[in-house]
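A.B. asks: I have a structure here, written as structure tokens, and I will follow up with some questions on it.
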Amino acid sequence: MNKKQKNKYFGNTFFIGLLSFFGGISQDIFIPILPLYLANVLHFDKSFIGLTEGLVTSSASIFRFVSGFLSDKLGKNKPIVFLGYFLSFISRPLLAIFTTSFAVLGLRFLDGIGKGIKDSPKDALIANSTETKTRGKGFGIVRALDTLGSVAGPLLLFALLYLLQNNSLKYHYIFFVTAIPLVFTLGILTFFVKETPLVHLKKPDEQKYSLPKQFYVFLGIVLLFSLGNSSDTFLILRAQNVGVGLLAIPLVYALFNFIYATVSIPLGSLSDRIGREKVILLGWITYALSYFGFGFAQKSIEIWLLFAFYGIYYATTEGVVKALIADLVISEHRGKAYGIYNAAVGFITLPASLIAGLLWDKINPAAPFFFGAAVACMATLLLLIFEHTYRIKRVIV
């Protein structure tokens, strides 16, 4: 794909971001209250909640893996992304109807499958719509719009909780509302997002048949970091544990997402200029400091500040890590690379969330955060060694 074609498809990133915007609204209407619903209404213990979220994410990882390979094989991404969002469209409202532990686990699993199916092909769409020198910005645009949806979602949740505060079925009505934004997501994907053609190398290349060694080394470091990065469910539970009220939870979450959205594009663009690894290092250091803070927090105001600071971590890693993978892997194998990456990180979420739940129940609520911070420090050191050991060979297509 030549430069003119790349510029043509760069506009695709806006529509991918826009469908992610509505997807983010749907997800973040219910994510801030889901752990509270499971703990306070259905009375599941923290270990079960950790098991549920970890199992959902890890089980869905196989679909990230399969969908990445499938998108490369078919040379198409849009139909797979559509199926992923459609499964979430079905599963989220049904949480209002089915409330047994088995049913909740099944519905969360189905939602996780939807997320797993769409993630790798969507990442490949973004990567194939951009060129190396603007790829960080492209992923930043999508992350910013996605996260703006995650600002709007909690704000809508706050309004719904306020209006329904005296209604015993408030959680159930909110779960039904989550389906509405996904109608827009499916429409934008169908009518506005363009399928991007794969770029086939004209000359033999060692990467033509396998993923580069650097990709696997980097992935190993990311997996170590992810072992201490349990579900954000525990951040919400920690906020309530410290004293943040139910009505304030969505606002805290909206603040986190607002910071995340605000700095995603500039930090993504920064990675285009100074290198992806340096920005990821900044993000992991921010994560470690945030988690130490969550461990020590004793007042509600501290939680507000920590959630805002935590947004910087997401902005420096979510899109930038995926941009770095696109730099390392040729277009023909990006679906596979994202499938392996997303699946591996998803699988590690199960032990990470189990460890966090056990540390919370068996030691104290601060323990999971001290553990996460310590693991992040170790991963940061290894990433620093990786940056100085390998001279990253960027892919230019």
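A.B. asks: Among PRO250, PRO79, PRO365, whose mean-square fluctuation peaks in a Gaussian network model of the chain (Cα, cutoff 10 Å)?
C.D. replies: PRO79
A.B. asks: Okay, next question. Cut-off under 16 Å on the C-alpha distance; same-chain residues fewer than 8 positions from LYS362 excluded. Which aspartates and glutamates are left, in chain and number order?
C.D. replies: Excluding near neighbours in sequence, the set is ASP45.
A.B. asks: Sticking with this one: Answer with a single label: of (i) 1.06; (ii) 1.01; (iii) 0.95, which was calculated as Rg/Rh (Cα atoms, Kirkwood Rh) from the structure in view?
C.D. replies: (iii)
A.B. asks: Starting from the Cα-Cα distance between LEU382 and ASN40, subtract it from 0.36 nm times their residue separation and give me the gain in nm to one decimal.
C.D. replies: Contour length minus the Cα-Cα distance gives 119.1 nm.
A.B. asks: State the extension gain, in nm to one decimal, for the chain segment bounded by LYS133 and TYR216, taking 0.36 nm per residue of separation less the distance between their alpha-carbons. Display every interim value, and only then the final one.
C.D. replies: Working: separation 83, 0.36 × 83 = 29.88 nm, distance 2.30 nm.
Net length gain for the segment: 27.6 nm.
A.B. asks: Further, regarding this structure: Which of the aspartates and glutamates could a cross-linker bridge to LYS78, judged by Cα under 12 Å and excluding same-chain residues fewer than eight apart?
C.D. replies: Within the straight-line limit of under 12 Å, LYS78 reaches these aspartates and glutamates: ASP119, ASP123, GLU195.
A.B. asks: Another question about this same structure. What does the charge count around ARG108 come to, taking other residues whose C-beta lies under 12 Å from its C-beta (Lys +1, Arg +1, Asp -1, Glu -1)?
C.D. replies: Here the count lands on 0.
A.B. asks: Per residue of the chain, what 222 nm ellipticity follows from adding -39500 (n - 2.57) for every DSSP H run with n ≥ 4, rounded to the nearest 500?
C.D. replies: Dividing the helical sum by the residues of the chain leaves -26500 deg cm²/dmol.
A.B. asks: Also, quick follow-up: Could you compute the longest span of the chain free of chymotrypsin sites (Phe, Trp or Tyr not before Pro) located in DSSP loops and having at most 15 other Cβ atoms within 10 Å, not counting the site residues?
C.D. replies: Numbers: sites that count: PHE98, PHE192, TYR209, TYR390.
Here the longest run is 210-389.
Coordinate-derived values only; no laboratory data. Remember, it's a predicted structure, so these values are computed and weren't measured experimentally. Reconstructed Cβ throughout: ideal geometry from the backbone, glycine too, with neighbour counts over all protein chains shown.
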